[in-house]
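The values are calculated or read from the model by the stated rules, or taken from the named source; none is laboratory data. As the structure is a prediction and not an experimental result, all values here were calculated from the model. All Cβ positions, even for glycine, are placed from backbone atoms using ideal geometry, and neighbour counts span all protein chains on display. The protein model used for the area step is the full one, side chains on, heavy atoms only, and it has no ligands, DNA or RNA in it. Shrake-Rupley method; radii C 1.70, N 1.55, O 1.52, S 1.80 Å.
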Amino acid sequence: MRYNCALIAVRDMARSKQFYCGLLEMEVTADFGANVTLSDCVALQTLDTWKTFLHREETEITLGHNAAELYFEESDMDRFLEKLASHPGIEYVHPPKEHAWGQRVVRFYDPDRNIIEVGEEMTTVARRFAASGMTPEQVAARMDVPVGAVRHWLAE
């Protein structure tokens, strides 16, 4: 057995495809109408079909429950944040911030209020710190990761 992908129910397939493909630069890898796979790692299922699969009424299905997120990484966080700011109707979970280990992140909702997190690639974080003059040991201490991981990221 192998894990294949995450599947989320959506109210409006066209709107969701536009959101994920436009803003998050995913690609449709399979389109079966009521089910669409994006970049081979996220599947969108229409709410109408999802409720029939579960034998539930729509009122029994909770979208936007704030208990999970889809996580993406970005090497050019500044570019992405500019793109996100120009995207109409974005509702932020929180504004862009920097975690204690130095990774910049932003969380926002998709059209069905699923949480999306976009975080700066850890390689980019390590390189940013190294470019500021920090040694690999200092970067490891700052990021709270093993120095071997930092050396690996800096060598990529």
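General observations
- Built amide H within the under 5 Å cut-off of residue 73, gap 5+: 119
- For residue 90, net neighbour charge (Lys/Arg +1, Asp/Glu -1) across residues whose Cβ lies under 13 Å away: 0
- Per-peptide packing, taken as the mean over residues of other Cβ atoms within 10 Å, places 143-156, 10-23 in the sequence 10-23, 143-156 from highest down.
- Loop chymotrypsin sites (Phe, Trp or Tyr not before Pro), the range 58-117, which have at most 11 other Cβ atoms in a 10 Å radius of their Cβ (DSSP): 101
- Percent accessible area from carbon and sulfur atoms, the chain, protein chains only, probe 1.4 Å: 53
- In this structure the amide hydrogen of residue 28, modeled in the peptide plane, comes within under 5 Å of the amide hydrogens of 39, none closer than 5 places in sequence on its chain.
- Accessible area (Å², per residue) of the chain, counting only protein heavy atoms and a probe of 1.4 Å: 57
- Per-residue HN-Hα couplings for the range 110-119 [Karplus 6.51, -1.76, 1.60; θ = phi - 60°; Hz; x = Gly/Pro]: 7, x, 9, 6, 7, 7, 10, 10, 10, x
- Here the Kirkwood formula, the inverse mean of 1/r across different C-alpha pairs, assigns the chain a hydrodynamic radius of 17.5 Å.
- Loop-located GluC sites (Glu not before Pro) across the range 1-108 with a Cβ neighbour count of 13 or fewer within 10 Å are 25, 27, 57, 91, with loop assigned by DSSP.
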